[in-house]
Amino acid sequence: NEHVLGPEHPDTATSLNNLGVLLQDMGDLTGARLYLERALAIRERVLGPEHRDTAGSLHNIGYLLQAQDD
């Protein structure tokens, strides 16, 4: 998606978010965090802090931090 739509497109953020969730499910918490944080940054810039997808990213990062005992 990033090569086709660009690095700031909401669909790119969705793909990054999904990769982060997948990595977390596979046990790669460090890798997951990188993707989830990128997705959140894009969503905050493009969609704004009040958008439901931005809230979803915050939820996923919170869930990851809980898994990391952070």
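The values are calculated or read from the model by the stated rules, or taken from the named source; none is laboratory data. As the structure is a computational prediction, the values presented were derived from the model and not from experiment. Just the protein is used for accessible areas: all its heavy atoms, side chains included, with ligands, DNA and RNA removed. Shrake-Rupley method; radii C 1.70, N 1.55, O 1.52, S 1.80 Å.
With the full set of protein chains in place, find how many percent of the accessible area of the chain is carbon and sulfur; take the probe as 1.4 Å. Don't skip to the answer; put the middle values down first.
Working: 2380 of 4450 Å².
Result for the chain: 54 percent of the exposed heavy-atom area is carbon or sulfur.
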- Here P(r) for the chain, Cα-Cα distances in 10 Å bins, as whole percents, is 24, 52, 22, 1
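Please state the relative contact order of the range 20-70 as a whole percent: Cα pairs under 8 Å, 6+ residues apart? Could you put the intermediate results ahead of the total?
Working: 37 pairs, mean separation 16.8, N = 51.
Contact order relative to length: 33 percent.
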- Query: Got a number for the accessible area of residue 47? Probe 1.4 Å, square angstrom, nearest 10.
  - Reply: 50
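Rank these by accessible area, largest first, 1.4 Å probe: 46, 4. Kindly include the intermediate steps, with their values, before the conclusion.
On the way: 46 65, 4 125 Å².
Per-residue accessible area, sorted high to low, gives 4, 46.
Suppose all protein chains stay in the model; what accessible area per residue would a 1.4 Å probe give for the chain, in Å²? Could you put the intermediate results ahead of the total?
On the way: 4450 Å² over 70 residues.
Per residue, the chain has 64 Å² of solvent-accessible surface.
Largest first, how would 70, 53 line up by accessible area (1.4 Å probe)? Could you put the intermediate results ahead of the total?
Values: 70 120, 53 50 Å².
Result of the area sort, largest leading: 70, 53.
What is the extension gain from residue 28 to residue 66, computed as 0.36 nm multiplied by their sequence separation minus the C-alpha to C-alpha distance, in nm to one decimal?
On the way: separation 38, 0.36 × 38 = 13.68 nm, distance 1.40 nm.
Net length gain for the segment: 12.3 nm.
May I ask you to rank 34, 23 by accessible area, largest first, using a 1.4 Å probe over the protein chains only?
Details: 34 115, 23 40 Å².
The residues order as 34, 23, largest area first.
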